Every structure is written in structure tokens, then in C-alpha cells.
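Asker: Shown below is the structure under consideration.
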Amino acid sequence: MLVTKTGRPAFGQWAPGSDRPPVPLVLPALYLVLAALVAGPAAGATVTRYAEEIRLSRDGSAAVTLDVAVSGTPGESVRLPFGHAKADLATLRVAGALSPRVEQLEGGLPVLVVTLPPEPGPLEVRVTVPVFVAPGKAKAFGNRVLSYELVNATTGSCGRYEGTFLVPEGFRVNTIVETVPAESENAATRPFEVVRVDGRDGVRLVEPSLDPARRVAAKIRFKPAAHSPLFPGLLLAVGALYLYRFRDLAGGAR
């Protein structure tokens, strides 16, 4: 129970000649110092390129690689966008940084937090997402859907963004349903292109400047590239029948 007394409380008394200032004056100053230490280093980091490659497997999992060009002060804490809330963080590996971890912001958006080493340079991040595309959920005609979104939930720009989405081996890109940034007739270049990397079909999406609160997204349909064995067999049967009939007609004309 808090008991109050009349008169000036000794807790708040402080004369210029006393040994130390009262706690109510010390705590605000301490908070300001801590805030400066936390906010100060984050303002110095510069990210000029954020590239990610997502390689899908047949079972719906994905291997994700991030290549980030960042510069800053050694020991500085840097926050980076991270679009893989379902990643297996036990597989998270970061080359070129210290103490990597994923934090959830208010609202559920994840960010990747790293500490710059004594000699800062490019970062290479690798992580596995066990269920990127739900297995066994093929649409009509064997189509499956790759859907991805990344939001820059940090307070700094990430420079040029490049996202490469590769479908599993033996599949091909069927339809590009939607992209952000979207294709525009007035734009000088398309925001995406169909690519082939290491024998895999895919789509590469480009955003010239991934500024704070900006998002990129892609929705792609893909399907097995192998043709049904029924069709080649049908062609062979029709060809054989044609040759047989032609032989009969040629023999009757003699």
C-alpha cells in the first residue's frame, strides 16, 4: 500500500550541493540515451540492392536465397524486409553478418535483423520454406499456383529489388496472373520477364526502388511440361493406318 505524507517528500528533494540527482530526473535522461543508441545506428545503414531467388521443389517446399548489398558501421543493427513468415528458421544462414534473427512487427509482418561485422559487405541469406505451395492442390489441367508478396516494413529504402521465381524441374510457366508493379502500356519497360535458369522456367520481377511501405508481388500458374503419352501414340497409330491404306491403293492401281 502506498502511504502519502504531508509536506515535501524526501524522494523529490535535490539541492545543488547534494551527491546525486533524484530518480525522476535520471530516468528520462536514461531513456533518451537508450533511444539514441537504438535509433542512431539504424539511420546509417544503406541498402542499394535486394535480390531474392525462390526455387520451388515438386513437394511444394522452396529454397530461398537473398543477395543484399548493404553498407554501414561495424556493429550496426540493420533491419531488412523478409517475406517468408512460414520459413523454417532453423535453416536460416547468413553470410556477411552477425547474430541473424527474424522479428515479428506489430501486425505480423516479419523483418530480418542482422548485425554488421567489422568489415561490412554483401549479405547472402539462405533459408528453407517447407510449404511454399500446398502440395496436391493442382487446379484444372494440372495447373498449380505460386503466389508471393513482400512488403518493405522497415523505415529505409532497399534500393533495386529483383525477385526470381523458379518453378520445379519438369514444369513450365503457364500464365502470369498478376504482378506488383503491374504491367503498363505507358511504361518504357515491362516489370517482369520470363527466364530460364539452370534448366528451370521462371519469372523475374523488378522494382527500381523498394521504398518503405512499398510492396512487390507475383502470382504465377505453372504446370507439368511433359505431354501425355496418349497423344504421341495416337499420332503413330494414325500414321500407320495412313501408310496401310496408301499401300492398298497403290497396289490396286497396278
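Asker: Under a point spin-label approximation (7 Å from Cα along Cα-to-Cβ), what is the VAL177-ASN143 distance to one decimal in nm?
Answerer: 0.8 nm
Asker: If the only charges are +1 at each Lys and Arg Cβ and -1 at each Asp and Glu Cβ, what is the size of the charge dipole of the range 46-224 around the Cα centre, to the nearest 20 debye?
Answerer: Numbers: 22 positive and 21 negative charges, 140 e Å.
Roughly 680 debye, rounded to the nearest 20.
Asker: Let me ask something else about it. Please report how far the C-alpha centroid of the range 114-154 lies from that of the range 55-92, rounded to the nearest whole angstrom.
Answerer: If we compute the Cα centre of each part, the gap is 7 Å.
Asker: Label points 7 Å out from Cα along the Cβ direction at GLU193 and SER157: separation in nm?
Answerer: Inter-label distance under the simple model: 2.3 nm.
Read-outs throughout are calculated quantities, based only on the coordinates presented, and are distinct from any laboratory measurement. The structure displayed is predicted, hence computed values, not measured ones. Every residue, glycine as well, gets a Cβ built from its backbone with ideal geometry; the counts of neighbours run over all protein chains shown.
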